[in-house]
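Down below is the structure, laid out as structure tokens.
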Amino acid sequence: MVEKKTKKEIEIKDFSTCEATQQMLAKARRDGVETHFDRAANMKACPIGADSACCKHCFMGPCRLNARDPYGKVGVCGANIDTIQARNFGRMVATGTACHNDHGMAMLDLFRDVVQGKNKDYQIKDTIKLEALAKEIGIETEDRSVKDIAMDLYHELEKTYTQVEGEIPFAKRVPPKTLETWRKHNIVPRGAMREIMEMLSRTHIGMDQDYTNIIQQISRTALVDGWGGSMVATEISDILFGTPSPVSVEVNMGVLKEDQVNIIVHGHEPNLFESMLASVNSPAMIESAKEAGAKGINLAGMCCSGAEVMSRHGVPHAGNFSSTEPVIVTGAVDAMAVDVQCIQQALVDVAKCYDTPLITTNPRCKLDGATHVEFDEHNPMACTDEIVIKAISRFKNRKFPVEIPQKVGVGVHGFSNEYINYMLGGSFRASYTPLNENIINGRIRGVAGVVGCTNPRVRQDYVHVELVKELIKNDVLVVQTGCSQIALAKAGLTSPEAAVLAGDGLREVCETVGMPPVLGLGSCVDNTRILIACSEMVRTGGLGDSIADLPVAGAAPEYMSEKAIAIGQYFVASGVFTVFGVTFPITKGTKFEELLFKGLEEQGMGKWGFSPDPYELARMMIAHIDKKRQALGIDKARERVLMDMSDRRDIEAA
Ligand code: BF8
């Protein structure tokens, strides 16, 4: 008799450290609802794919090599393990870069229509940033109208996507020595369309089969993400919707309200969310919600557009990627509107179980089984009003008992680059000088970006939180974006009071300025704020000539997406030591691994690192920061953090 294979039931506390998510996972089990945690537990990751030891780019294969004996055989065409891995890695970077550029281009399309007066539903909110950005990339601003400057800015930034030859516009923001390294290795990007096209072309059967050459296109493609499409997305969104400044926000499922119509927006492009804000605040909609018996309409975000709007407008945030299914299990979500990226198909079935309308809005991202209400930015409220009406109707006819986990973390978010400048220097002396000084004198050991996803193959939020705690304890200031920022917000580390968890030096700086030791910058495209912060640190002086000289490091400890790989590679190519957790798509003991984990640093860039363990990740990052401090000759300063004024004068004179 064949025994029926039973599904593995893992203890819920091993899935997540987020108590709200745990509570909803327990309810999901009672309700017979499956989530990505259950599926991950019952689907072993393909071991060949996990090592990137297979190639399926032609039909003489697919070919699989043996990761335990990587040079023991080659593919049918003769491709060796290094070619195969480099191709796979390149395609991941191309896809991630395409996503961010697609997003950035959508923002730029909207900007053009607003400037040309073809779209009156959105306006330019930050003209100061518009002019500053235009000036930075060489556009004349003196005695010119905002419209004329904006149109020139549009035409210039369009080149980020379409430029066939020459360097992308934001290459002008790259510190000269970093740019010199890129030029030396021929990796300064042209337009994104060209770079992504070439990346895909070079990974076709019979094309580029030298991993040392493929890596050049991998870096160039990644750089047109970080310094290209993602940067355009951040800057144009700030100009259109406002540049964030610190705001106190509530984060976690406790932001849902049983007696209100709850609407969640999940995705990445802020234009949908901005329109939804207008719809939920319209008197007619509020009246209609009240007629249905609700006290009001409660709007919350999830994932990246949530992180962006939280930073910009203080809109509450209900959770990160791994909570997108569990939040529906509350029964309290009266509609979930999604746009693009990180929208799991499983949401359709979970939403059906709780009679929650799951509404796709973007023609680039439909889900089989979901309701589609197309978002047209020339008439945005037609879509968002319809979603609100559907939510009110669901509230009126709620069929299921509601269970909302009473968990809320309160923190301060919205640390745009512009605000960090002001916060540290004040309006009198707005600059990065105080940050650099505090790094040089050793109160702040270095800066770490901790970013990226959650992944059901590791305990949700655990690696993020433990890693960040370890870093701040060792005086490393942490900047954050995306789902990682939400993990730390839920854990209470984005509040100024969390300074008590920091080492003495960092704590002193945080308490003086009144800032948290963990600064939330926004969504994943807002990782470009970290690139700009690095450039400012170089420009301000005292910490070397290139980004590679800075005592900084980056981490995506629970990543799951190809976008994260693209982000990791653009940080590495920009000069940052970048560590990933979970797993790394590479075969150990190969030349390609050696190139990523060591060789790129020898070429003047950063390098990759990997560990699934948060403490090991922290150790690696701190060791790297200390290595850079030593190279800068500022390692001794940390030994006398408690300085007197003569010490300070010595350092300033140095
Ligand atoms: O772009 S952090 S799970 S939501 S991919 Fe996705 Fe990862 Fe979250 Fe945003 Ni970024």
Karplus-derived 3J(HN,Hα), 6.51/-1.76/1.60, for each residue of region 183-195, Hz, glycine and proline x: 5, 4, 9, 6, 10, 6, x, 8, x, 4, 4, 5, 5
Neighbourhood charge, 15 Å Cβ-Cβ cut-off, centred on Thr162 and excluding it, Lys, Arg +1 and Asp, Glu -1: -4
Estimated inter-spin distance, Thr162 and Lys366, nm [label 7 Å along Cα→Cβ]: 2.8 nm
Cα shape, region 377-462, gyration tensor, a/c 1.5 rule: prolate
Debye intensity ratio in log₁₀ form over the Cα atoms of region 5-70, taken at each q of 0.17, 0.20 Å⁻¹: -0.71, -0.80
Projected label distance in nm at Ser201 and Glu616, using a 7 Å step from Cα toward the beta-carbon: 4.1 nm
Mean Cβ neighbour count within 10 Å, used as a protection proxy, ranking 448-455, 238-245 highest first: 448-455, 238-245
Other-chain or far-sequence residues with amide H under 5 Å of Gly409's (modelled H): Val251, Asn252
Extension gain from Asp210 to Lys598, taking 0.36 nm per residue of separation minus the Cα-Cα distance: 137.9 nm
Residue-count net charge about Cys18 - beta-carbon cut-off 10 Å; Lys, Arg +1, Asp, Glu -1: +1
Computed FRET value (nearest 0.05) for Glu19 with Thr512, which takes r as the C-beta separation and R₀ as 22 Å: 0.10
Radius of gyration and maximum dimension Dmax of region 45-106, Cα, Å: 13.9, 46
Charge sum, other residues only, whose C-beta stays under 12 Å from Tyr122's C-beta, Lys/Arg counted +1 and Asp/Glu -1: -1
Distance between modelled label sites at Asp259 and Lys73, nm, 7 Å Cα→Cβ extension: 6.8 nm
Highest-first arrangement of 206-216, 571-581, 319-329, where packing means the average Cβ count within 10 Å: 319-329, 571-581, 206-216
From phi via Karplus (6.51, -1.76, 1.60), per-residue ³J(HN,Hα) for region 352-367 in Hz, x at Gly/Pro: 4, 4, 10, 6, 9, x, 9, 10, 7, 10, 10, x, 7, 8, 9, 10
For region 232-342, alpha-carbon Rg relative to the globular expectation (2.2 N^0.38 Å, N residues): 1.04
Prolate/oblate/rounded label for region 312-407 (Cα gyration tensor, a/c 1.5): rounded
Karplus 3J(HN,Hα) series, Hz, for region 504-515 with 6.51 cos²θ - 1.76 cosθ + 1.60 (x for Gly, Pro): 4, x, 5, 4, 4, 5, 4, 5, 5, 7, x, 10
Count of lysine pairs in region 69-184 with Cα separation under 30 Å (8 or more residues apart, or interchain): 27
The chain - accessible surface per residue (Å², probe 1.4 Å): 38 Å²
Part-to-part distance (alpha-carbon centres) for region 532-608 and region 1-70, which is given in Å: 28 Å
Translational diffusion of the chain, µm² s⁻¹ [Kirkwood Rh, Cα pairs; Stokes-Einstein; 25 °C; 0.890 mPa s]: 97 µm²/s
Reachable lysines from Lys490, criterion Cα separation under 22 angstrom, eight or more residues apart if same chain: Lys13, Lys27, Lys257, Lys407, Lys469, Lys473
Highest to lowest packing among 521-529, 630-638, scored as the average C-beta count within 10 Å: 521-529, 630-638
The chain, helix-only ellipticity at 222 nm - DSSP H runs n ≥ 4, -39,500 (n - 2.57), divided by all residues, nearest 500: -14000 deg cm²/dmol
The chain, accessible surface, carbon-and-sulfur percent (1.4 angstrom probe): 51 percent
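The values are calculated or read from the model by the stated rules, or taken from the named source; none is laboratory data. Quantities reported herein were computed from a predicted structural model and do not represent experimental measurements. Glycine gets a Cβ as well: all are built from the backbone with ideal geometry, and neighbour counts include every protein chain shown. Surface areas here come from the heavy atoms of the whole protein model, side chains and all, with no ligands, DNA or RNA. Shrake-Rupley method; radii C 1.70, N 1.55, O 1.52, S 1.80 Å.
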